[in-house]
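So the structure is just underneath, and the comments pick up after that.
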Amino acid sequence: MKLILVGPPGAGKGTQSSLLASHFSIPHISTGDIFRANIKGQTELGKLAQSYTSAGNLVPDSVTNDMVADRLKQDDLANGYLLDGYPRNVGQAEFLSNFLNQHQEKLDAVLEFSLSNEEIITRLSGRRVCKNCQAPFHIEFERPKVTGVCDKCGGELYQRDDDKEEVIANRLEVYNDQTAPIINYYKNTGLLKTISALGSVEEIFQRALIAIK
Ligand code: ADP
Ligand code: ZN
């Protein structure tokens with residue numbers, strides 16, 4: 001199973017990606033998580049990515065495409081994989097298509113999560129994420145049992161730089177200008193499945209499974 005998840009920031013892609021990846025026993029590849037891990041470790045890649053991610057801009061394709069190609073060459077992908085946060089513009093989608101063609105591989109589905117702009121802003125501004133395991137919470141809608149502490153692992157919750165109010169507007173603009181066009185790109189391939197991102201985690205997961213089938 002080779003899956004791509006597309007959707008605006010805050011749509012719950014990360015949560016659903018984890019669920020779907022374990023359901024299909026495939027690795028969850030999140031470009032956002034890879035960048036954050038590199039930023040945390042202050043690697044060369046991390047230093048390069050930091051100024052882009054903290055402003056809510058895309059890391060240049062030359063960097064991102066190579067990073068993904070390296071990941072897709074690793075040998076844990078016999079069952080396939082789930083790509084979360086990539087591709088994020090038409091250039092990346094074309095790069096991925098070429099990569100797959102060269103390796104005689106095909107995607108099974110592109111799952112799009114749809115959500116209104118108002119809902120996106122509400123979700124992102126209240127989002128808190130575990131420093132340790134990346135689990136997401138919300139200060140109003142998905143409160144942790146203890147304020148500031150992860151229910152799953154006890155790690156410390158924090159607000160991502162790019163979830164700060166001044167950055168959210170830019171992320172939305174980047175999504176609408178650069179990422180939304182890939183929806184049409186995949187519509188033309190017949191792979192696109194669109195579901196609403198409103199509802200409980202379990203409801204959306206069931207919706208996703210039905211859409212992918
Ligand atoms: P979200 O979906 O919540 O916006 P992600 O965790 O997917 O966040 O990504 C965080 C940031 O990492 C993005 O705003 C961008 O700066 C960078 N990033 C992630 N994926 C890509 C990509 N495919 N191309 C370029 N930059 C990316
Ligand atoms: Zn945690």
Residue pairs qualifying under the 7 Å Cβ cut-off, at least six apart or on distinct chains, with the first in region 152-164 being within 16 Å of ligand 1 (Cβ to nearest atom) and the second being polar (S, T, N, Q), are ASP161/SER54; ASP162/THR53; ASP162/SER54; ASP163/SER125
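Taking region 66-87 only, how many residues are in a loop (DSSP other than H, G, I, E, B) and closer than 19 Å to LYS13 by Cβ?
4
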Result of the Cβ filter at 6 Å on region 41-61, keeping first residues that are in a loop (DSSP other than H, G, I, E, B) and partners that are polar (S, T, N, Q), at least 6 apart or interchain, is GLY56/ASN170
Within region 56-80, residues open to solvent by less than 40 Å² (accessible area, probe 1.4 Å) and among the hydrophobic types (A, V, I, L, M, F, W, C) come out as LEU58, VAL59, VAL63, MET67, VAL68, ALA69, LEU72, LEU77
Condition set touching a Gly at 6+ places or on another chain (Cβ under 6 Å) and either assigned to a helix (DSSP H, G or I) or among the β-branched types (Val, Ile, Thr) (or both), scope region 121-139, selection nearest to ligand 1 (Cβ to nearest atom): answer is LEU124
Conditions (1) in a helix (DSSP H, G or I); (2) within 16 Å of ligand 2 (Cβ to nearest atom) -> ASP177 fails only (2)
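Of the residues SER116, SER62, SER97, which is modelled with pLDDT under 95, among the hydroxyl-bearing types (Ser, Thr, Tyr) and over 18 Å from PRO27 (Cβ atoms)?
SER116
The values are calculated or read from the model by the stated rules, or taken from the named source; none is laboratory data. In this text, all values refer to a predicted model and were calculated from it rather than measured experimentally. Don't worry about glycine lacking a Cβ; one is built from the backbone with ideal geometry, like all the others, and counts go over all protein chains shown. Just the protein is used for accessible areas: all its heavy atoms, side chains included, with ligands, DNA and RNA removed. Shrake-Rupley method; radii C 1.70, N 1.55, O 1.52, S 1.80 Å.
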